Structure formats: structure tokens, C-alpha cells
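Novice: Structure below; questions to follow.
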Amino acid sequence: MPTKYIFITGGVVSSLGKGLAAASIGRLMEARGFSVTLQKLDPYLNVDPGTMSPYQHGEVYVTDDGVETDLDLGHYERFTSTVCSRDHNFTSGRIYEQVIARERRGDYLGGTVQVIPHVTDEIKQAIRRISKGIDIQIVEIGGTVGDIESLPFLEAIRQFRLEAGRSDAVFVHLTLVPYIGPAGELKTKPTQHSVRDLRAIGIQPDVLMCRTDRFIPKEIKKKIALFCNVPEDAVITAKDVETIYEVPLVLAKEGLDAILLKLLDLPYRDKNMDEWVTMVDRVKNPKSGEVSIGIVGKYVTYEDSYKSLNEALTHGGIANDVRVKLRWIEADNLVDGQLEEAIAPCHGILVPGGFGLRGVSGMLEAIRHAREKRIPFFGICLGLQCAVIEFARNVCGLKDADSSEFNLSTPYPVIYKLRELEGVERMGGNMRLGHWPCVLQPGSQAHLAYGQAEISERHRHRYEVNREYLDAMIKKGLKVSGETPDRRFVEIVELPDHPYFLSCQFHPEFKSKPMLPHPLFRSFIGACKQFRQTQR
Ligand code: GLN
């Protein structure tokens, strides 16, 4: 069977949840027994999002093969069994980089290099690169229809459909149907305009997914169908939901997957979403109440910055049958006495990844508090580095111990730049990235959580634990419970003398799934649940 393609575009406004829509379609198709893969094409000119601030772009998601990608790939991996790699996310920057490299090599010798056909050919090749052996490939186009910069991608998928044929490629367009309170009406005009923009560049959507806060009545669907030239049953309500994991269920109820099968001329197969339904029910109605987690970080005002973390904590909740309430605490604001107040309602404290000095002193304070007051603590990447600095300063008496990221002239650089990056000032794709193996100390908290001796986790950092100070810290009670097999890198540290105090250099949140909660999030939330018990 040739690969079938579902192209997803977005209109009217950004942030309608195209990534979740794509991931949900993937989930539904897998539930019907088809093999699925997903891909994101992003119109911006950065070669990858690794050089962008979380405020600009949200979280940078890291794949096993060590590529810094768009956060939607996180949804793809959480919702389906797809394992994303370098070829699952292309930006305009990367496409142009390849075209220009070819031009310099002389591949187009004698010709004028143009957006059509050279850039569009490169895009079509990028799409085909991950199709081998796949039944259904879902391709999400970033940005909003009408933007200048997404035009080459839209032109490329227009051509793609022409080449592949009608039953091998379909266009799904996600739009907004706002409810205007004073008029008491759902408005279809923005959708009409957005579809008109698409049609002007040669793309007639086959399916419209209409994001709304309520179900769209039949007569409104009829109107949208008429004005947008799509069959009425292909106008799908994409209603707001309580948890993102409900999205596939709501879309299935609207008949989305059945329509796609029909359009793609795919054989009908029953779908099995039973386990997913059970999981959603656990998220919505946990039996063991709620735990509050204080996340002391620096990008907390923008929720997308910690997308995977947010989800992994929810998964930890699923595993423990509790609702996880997140309290985002801006580390920079934790001055003079505000810490205790901010942290008082929390059953656990988490310091996530981050870059740069801002907020670090607040994180160190929060960690000290968690260590001394025996509150469950989980540090991730920068969180581990801060935990080591705090321990060096306050337990080992190494005054002004620091990371050379924050203070180059510290007398005790307990965290320092990765040895292979010494003298490297260039930015962009040159951190320690992607998956690395790690062996666990038998009997440690980490070993207990994972239940296995060797693991593999994803990384994204430029600084590491300096082994020179390790012995001094081990003597004072710090335990190195995870290292790379060659013992080069410290991967996990913990305090055995504490109910739960564990930090890791990697990002476990990238490998957590709702159906397969990550062991460290499961154990951390478990410890928080226990801590809550002692509080009563
Ligand atoms: N800034 C630290 C480093 O580069 C931590 C990075 C992170 O938390 N992802 O090593």
C-alpha cells in the first residue's frame, strides 16, 4: 500500500492546537491498526528552534537522535508510537540551507535557483524522506494561512497532492469559529476568509476542523459547508476539552477518523481506544485527590516553555491516581521571605531546566528549603546543577561554589563547561544532545524507580558536574546514583538520607507518555503523595 498523506494547515489565528489535532488523528489511526508517522514543517528561518528563547517559541523538544525540535513533536510521541528524529521537523531555514548548499556544490549548474521548483522540490523530498513502510503520514504545516513565510510549504503540498492523487493525500484545515457573546452567535466569517485564502493558492480543504467552545449546530455546519465548498459531514467540531488527552475521543465522536478513511480510500477497520478512554477517565476523576507541585523556574509565565514537563507531571499523577496541581513559581521573585509563602502549599518542589543566571539564587533557596525541611525534591538538568551547587555551598562549606555558567571566577566550579566545548563560542546545535546510556547504582532511589540497571535518556546541556569536587560531596552524603557507563558524566545524584531528593542531568520529561508514565515522575509524585499524608 502506498503511504497516504494527511496535510494539516491552520487558519484565522495561531495556537488553535494544530499539533494536538495532528497527534490525535495519529492516535485514532493507530487505534485502527495503521502504521503512522508525523512531521512538522515550520516556516521560520532558524535552522532549528534551539537558538530561540522559550518565550518566543515555547519548549525546545529534544529527540533521541539529538535534534532540537518543535514542541509539537512532543505531542506526536506522547500520543502515538512514532519515534521522532531529525527528519520529522523541517524549518524553512533548514530547507534553504540545503538548497543553498546544493547551489554552492554546483548541483543546479547553469540554472537560476528559485522557490519554485527548487525550494518546493526540497520540501517534497523532505516529506517523502520518512514515508518508507508507513501507512499514514500526517504532515503539519506551522504558522497561519495568509502568512508570507508559509507560502513555499503550502505550494509544495499543493504540488504534492497533484502528484500523489486525490485518494492518497488530503487537506485538513483547522480554523476558529468564535462565539460572540453579545450576539449570542457562532461566527463563521473568519473560517470563510481563511478557506478563501487557501483556495486562492490552489488548496481546497477536504475537511474543516472548527475550534469552538461549544458544539456547532447543524445549520451552522451547513453554512460553513456551503461557503467553504466542503461536504457537511466533513465539518468537524473541535471543541475545547478538559484535558488534551480527550481530544482524540471528541474528534472521533464527530466522525473525523471515519471521514479520513473514506477520503483516503483506506479499508475500514474497527478501532480500539479502550485503554485510552480508561486513562482519560483517570486524568479527569482521580481517586486519591490532589498533590500540589511547586515548579521553581525562570520561564514560568509562559506555560508552553515547559510543555513536556507539564505533561510528564500529569502522567506521574495518572500512575498514582492523583490530580497534579502545578504552582508555577517565578524563581526570580523569591527574595526575602517570599519563598516560604510560595512553597507552603506544595507537596513537592521541582526545579526544571534553564539557561543563564537569572533566577538561580531563588532556585538555590528553594532547593535548600526542600533539603532541610525534607520536602520531596526533583531537579532536572539545571535543577541538578543547582542541587549540586547548593550542596557544595551549604553542606560542604565550599563558599561561593558555583557553575562557571554563572560565575567564571568562582573558587569552586562544581559545575563547569563540557570539556569538549572548552573554547567553543559558536551557538546552535552544539550542546550535549540526545540519548546517552546511564547505569544506575543498585539499591538507589533511581534504581528502585526504573527497576532496571541501565537506562537511556535525552540530554540538552552545555555544562556538567566537575568530578574534582565529587569525593568531598560524596563524603558529606551526596550519592551519585547514575553515570554514563564510562563514568565520564554524572547523570543522577540523590540524597539517601531524605524522603525523596533526586536530580538528573537529562530530561526525563521527553520520554514520558500518558499510557507509560516515566519512572522518575511516577516515583516523585508517589513521594509527594506520601508527603501529603504526613501533612494531614
Ligand atoms: N544551562 C545549563 C547547561 O547548559 C542547563 C541546561 C538545561 O537545563 N537544559 O548545562
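Novice: Among (1) at pLDDT 95 or above; (2) outside any loop (DSSP other than H, G, I, E, B), there is one condition Ser81 misses while meeting the rest; what is its number?
Specialist: (2)
Novice: Let me confirm something: among Thr301, Thr314, Thr278, which residue is of a type in the set (S, T, N, Q) and either at pLDDT below 95 or in contact with a Cys (Cβ under 8 Å, 6 or more places away or on another chain) (or both)?
Specialist: Going through Thr301, Thr314, Thr278 in turn, just one is of a type in the set (S, T, N, Q) and either at pLDDT below 95 or in contact with a Cys (Cβ under 8 Å, 6 or more places away or on another chain) (or both): Thr301.
Novice: It is to be established whether one or more residues within the stretch 465-473 are in contact with a strand residue (DSSP E or B) (Cβ under 9 Å, 6 or more places away or on another chain) and part of a loop (DSSP other than H, G, I, E, B). Walk me through how you get there before you give the answer.
Specialist: The first filter runs over the stretch 465-473 and keeps only residues in contact with a strand residue (DSSP E or B) (Cβ under 9 Å, 6 or more places away or on another chain), leaving 465-470, 473.
Filter once more, so that each one left must be part of a loop (DSSP other than H, G, I, E, B): 466.
Scanning the stretch 465-473, I find at least one residue that is in contact with a strand residue (DSSP E or B) (Cβ under 9 Å, 6 or more places away or on another chain) and part of a loop (DSSP other than H, G, I, E, B), so the answer is yes.
Novice: Keeping to the stretch 308-351, report how many residues are β-branched (Val, Ile, Thr) and assigned to a helix (DSSP H, G or I).
Specialist: Going through the stretch 308-351 one residue at a time, the tally reaches 3.
Novice: Checking the conditions here, which among Ser292, Ser305, Ser288 is buried (at least 24 other Cβ atoms within 10 Å of the Cβ) and polar (S, T, N, Q)?
Specialist: Being buried (at least 24 other Cβ atoms within 10 Å of the Cβ) and polar (S, T, N, Q) holds for just one of Ser292, Ser305, Ser288, which is Ser305.
Novice: Looking for whichever is under 30 Å from Pro352 (Cα atoms) and either at pLDDT below 95 or open to solvent by less than 10 Å² (accessible area, probe 1.4 Å) (or both) here; the options are Glu242, Glu246. Which one fits?
Specialist: Glu242
Novice: Restricting to the stretch 256-298, give me the number of residues that are touching a helix residue (DSSP H, G or I) at 6+ places or on another chain (Cβ under 7 Å), in a loop (DSSP other than H, G, I, E, B) and closer than 25 Å to Phe34 by Cα.
Specialist: Of the residues in that region, 6 qualify.
Novice: Here's something else I'd like to know. Kindly establish whether Leu45 is outside the structural domain of Lys513 (by TED's automatic domain parsing), open to solvent by less than 30 Å² (accessible area, probe 1.4 Å) and under 22 Å from Ile123 (Cβ atoms). Show your work before the answer.
Specialist: Details: outside the structural domain of Lys513 (by TED's automatic domain parsing): yes; open to solvent by less than 30 Å² (accessible area, probe 1.4 Å): no; under 22 Å from Ile123 (Cβ atoms): yes.
Criteria not met by Leu45.
Novice: Could you tell me whether any residue of the stretch 461-471 is open to solvent by less than 50 Å² (accessible area, probe 1.4 Å), away from the ligand (no atom under 16 Å from the Cβ) and not acidic (Asp, Glu)?
Specialist: Yes, the conditions are met somewhere in the stretch 461-471.
Novice: Name the residue that is nearest to the chain's Cα centre (by Cα), counting only residues in the stretch 425-439 that are open to solvent by 30 Å² or more (accessible area, probe 1.4 Å) and more than 13 Å from the ligand (Cβ to nearest atom).
Specialist: Only one residue fits best here, namely His435.
Novice: Step by step: first the residues of the stretch 342-389, then only those that are small (Gly, Ala, Ser) and either within 14 Å of the ligand (Cβ to nearest atom) or more than 24 Å from Glu303 (Cβ to Cβ) (or both), then the one that is surrounded by the fewest Cβ atoms within 10 Å (Cβ to Cβ). Which residue is that?
Specialist: Residue satisfying both the conditions and the ranking: Gly356.
Novice: Could you tell me how many of the residues in the stretch 390-424 are more than 33 Å from the chain's Cα centre (by Cα), without any contact (Cβ under 8 Å) to a residue 24 or more places away in the chain and either within 13 Å of the ligand (Cβ to nearest atom) or open to solvent by 20 Å² or more (accessible area, probe 1.4 Å) (or both)?
Specialist: Residues meeting the conditions: 5.
Novice: Working carefully through the options Thr212, Thr243, Thr191, find the one that is assigned by TED's automatic domain parsing to the domain that holds Ile138, touching a Leu at 6+ places or on another chain (Cβ under 9 Å) and farther than 18 Å from Val145 by Cβ.
Specialist: Values: Thr243 fails: touching a Leu at 6+ places or on another chain (Cβ under 9 Å); Thr191 fails: farther than 18 Å from Val145 by Cβ.
Only one candidate qualifies: Thr212.
Novice: Follow-up question, since we're still on this one. Checking the structure you have, find out if any residue of the stretch 42-60 is more than 30 Å from Tyr299 (Cα to Cα) and either outside any loop (DSSP other than H, G, I, E, B) or touching a Pro at 6+ places or on another chain (Cβ under 8 Å) (or both).
Specialist: no
Novice: Could you list, in sequence order, all residues of the stretch 312-330 that are in contact (Cβ under 8 Å) with a residue 60 or more places away in the chain and open to solvent by less than 20 Å² (accessible area, probe 1.4 Å)?
Specialist: Within the stretch 312-330, Ala312, Leu313, His315, Gly316, Gly317, Ile318, Val322 qualify.
Novice: List pairs: first residue in the stretch 37-60 and closer than 30 Å to Asp135 by Cα, second residue buried (at least 20 other Cβ atoms within 10 Å of the Cβ) and at pLDDT below 90 anywhere in the structure, Cβ distance under 7 angstrom, at least six positions apart or on different chains.
Specialist: The qualifying pairs are Glu59/Ser305; Val60/Pro49.
The values are calculated or read from the model by the stated rules, or taken from the named source; none is laboratory data. Remember, it's a predicted structure, so these values are computed and weren't measured experimentally. Note: ideal-geometry Cβ built from the backbone for every residue, glycine included; neighbour counts use all protein chains shown. The area values use the complete protein model at the heavy-atom level, side chains included, leaving out ligands, DNA and RNA. Shrake-Rupley method; radii C 1.70, N 1.55, O 1.52, S 1.80 Å.
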